[in-house]
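Every number here is computed from the coordinates shown, using simple stated rules; none is lab data. Being a predicted model, the structure only gives us computed values, none of them experimental. A quick note on method: Cβ atoms are made from the backbone with ideal geometry, for glycine too, and the neighbour counts reach across all protein chains shown.
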Amino acid sequence: MGYKDCTLDQTDRVNAMLDSSAIKNLEASRIQGFRILIYSGNERDEAIKAKENAYVLFPKADVYMTYQVPSFKVRFGDFYSRLDAWTTLLKLQAQFPQAVITNEIVNIKP
């Protein structure tokens, strides 16, 4: 009896594992990606102004403002690739010359 005589049918088991992985991926709402840091500083009013200016440039954009003692940070967008973030950064730099791309956990858009 050689290896040619053996049969191993695990198709159902493999399909079940693939299905469960697909379901987990659909349930995931956040992944490693990029955002653009458009403001970092101690002035709350300046952070709010930066957020509002970002909405003027991109009305449908996602803009996030956080506070971690002692500074406010305003981050722009949810980008899956650095190239996408870079093309948007070039558009933002006229208004936000200090803007930089940062690694972030970003929201997945449906």
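Annotations
- As a length-normalised measure over Cα pairs under 8 Å and 6 or more apart, the relative contact order of the range 30-107 settles at 48 percent.
- Exposure proxy ranking, count of Cβ atoms within 10 Å, fewest first, for Lys49, Lys109, Lys60, Lys73: Lys60, Lys109, Lys49, Lys73
- nm² value of the averaged projected area, convex hull over the Cα atoms of the range 25-103: 5.7 nm²
- Around the amide H of Phe72, modelled in the peptide plane, lie the amide H atoms of Gly41, Asn42, Glu43, all under 5 Å away and 5 or more residues distant in sequence or on another chain.
- Sequence-distant residues sharing a close amide H with Asp62 (under 5 Å, placed H): Gly77, Asp78
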